[in-house]
1. In region 218-262, what residues are under 30 Å from T189 (Cα atoms), surrounded by fewer than 13 Cβ atoms within 10 Å (Cβ to Cβ) and out of contact with any Phe, Trp or Tyr (no Cβ under 8 Å at 6 or more places or on another chain)?
2. If you check K98, K73, which single one turns out to be at pLDDT 95 or above, loosely packed, with under 13 Cβ neighbours inside 10 Å and outside any loop (DSSP other than H, G, I, E, B)?
3. Which pairs do you get when a residue that is without any contact (Cβ under 8 Å) to a residue 60 or more places away in the chain and in the same structural domain as V148 (by TED's automatic domain parsing), found in region 162-188, comes within reach of a residue that is crowded, with 20+ Cβ neighbours inside 10 Å and aromatic (F, W, Y), reach meaning Cβ atoms under 6 angstrom, with the pair 6+ apart or on two chains?
4. Restricted to region 281-314, and to residues that are closer than 21 Å to D166 by Cα and in a loop (DSSP other than H, G, I, E, B), which residue is modelled with the highest pLDDT?
5. Every residue in region 15-51 that is more than 14 Å from I112 (Cβ to Cβ), in a helix (DSSP H, G or I) and free of Cβ contacts under 8 Å to residues at least 60 places away in the same chain, please.
6. Check I358 against each of (1) over 21 Å from Y146 (Cα atoms); (2) over 19 Å from the mean Cα position of the chain (by Cα); (3) not aromatic (F, W, Y) and name the one condition it does not meet.
7. Go over the candidates L269, L242, L204 one by one and state the one that is assigned to a helix (DSSP H, G or I), touching a strand residue (DSSP E or B) at 6+ places or on another chain (Cβ under 8 Å) and either modelled with pLDDT of 80 or more or of a type outside the set (A, V, I, L, M) (or both).
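The values are calculated or read from the model by the stated rules, or taken from the named source; none is laboratory data. Only a predicted model underlies this, so the values are computations on that prediction, with no experimental measurement involved. In this analysis, Cβ positions are derived from the backbone assuming ideal geometry, glycine residues included, and neighbour counts consider all displayed protein chains.
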Amino acid sequence: MKKNILILYTNYGTGHYMAAKAIEENLKKRYKNYNIEILDPLSYSRPIINRIFEKIGTSIATKFRNFRKKLYKRKMYKDYMKNSLFFKFCIQLFWTKKLKKKLLNFNPDIIISTQVGPTGLIAAKKNLFHIKLISVFTDYGIHRMYTVCHEFIDTFCVPTNKMKEDMIKIGIDKRKIEVTGIPVREKFTSTERQINKEEKPLFLFLCGGGLGYDNAFRYFEIMLNSKIDFNYIFISGKNNKLLNHAKRISKKYKKEGEILGYVNNIDELLQKTTMIFGKPGGIMTSEALNVNIPICAIEPIPGQEINNAKFIMENGFGFYVKDIREFKNLLSKLENNEINLSQYSKNIKNHFEKFNFIEI
């Protein structure tokens, strides 16, 4: 029987959208006759207000990191499953007649959400629809907003067995939890890397997803100034100021490499990458690990990215450097051949739980 499936995301960074696209790709391949649509309900409902929220969130994440760290510690990782005044405020703000009409006209049988905002929005209004609601996690840790309105969510799709165990411990019904990995597009899973061992290692330095990330420059320049013999690709994201700054820095050193802005062929670049350096967003982390590439997580944004960095380190999938001193220590070990990166790739290949979405 033909079904209508609505996949929800938000524009807070590129990761949630990429996860939604990965789910769409997966479902269209398996269910040829389903009607599948992707929607950012917050932008659709109140585009101007959502844009303001996005800018505030980006500023807090990049310029007020200590404030965000305290906020998450006090609010997001305590009192799981209890109601939140901020959550209730956002439901009132973004649940508009325009959005309600859109949903009723599409008449979904299943709604799949890749971000807690849309998940909570639909869960709070689920009595208006006869739907199955699926919440897909895109990071390697949970926080309070994932569990608000949990009783109205039919299925939680989580990345790892450990996260399933953690959710059961805080009271989520284990029958609702499926271990699926984090959604990535097929091009990140379909081929094995072919790297010539005689070539120099290629380090891919990611400056922070689609938005670009200023703090990366300190680490990038230290890496260029190291005695390690490597080539590099530096990706600055959409920020042209960061792109030009990176070009100026690179001219001071003799390392061979490329400075790129926003790219759409990250899958091709990963095929020749030895290790990734950068901010450990959930989707970037999963894309890299799906092709067995070790990651050096650099100064993750407080909150979920710290969970991602810990996940990388604790499973032997790469490294988590908290500051310049730790970064220099890592480079020294690489320079002296004290680290075998191929072993980290083997750890990923043998133990990483790849994306395998549920039957719907």
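1. Matches in region 218-262: D229 only.
2. K98
3. What qualifies is K176/F156; I177/F156.
4. Ranking the candidates gives G281 first.
5. Matches in region 15-51: S43, Y44, S45, P47, I48, I49, N50, R51.
6. Failed condition: (1).
7. L269
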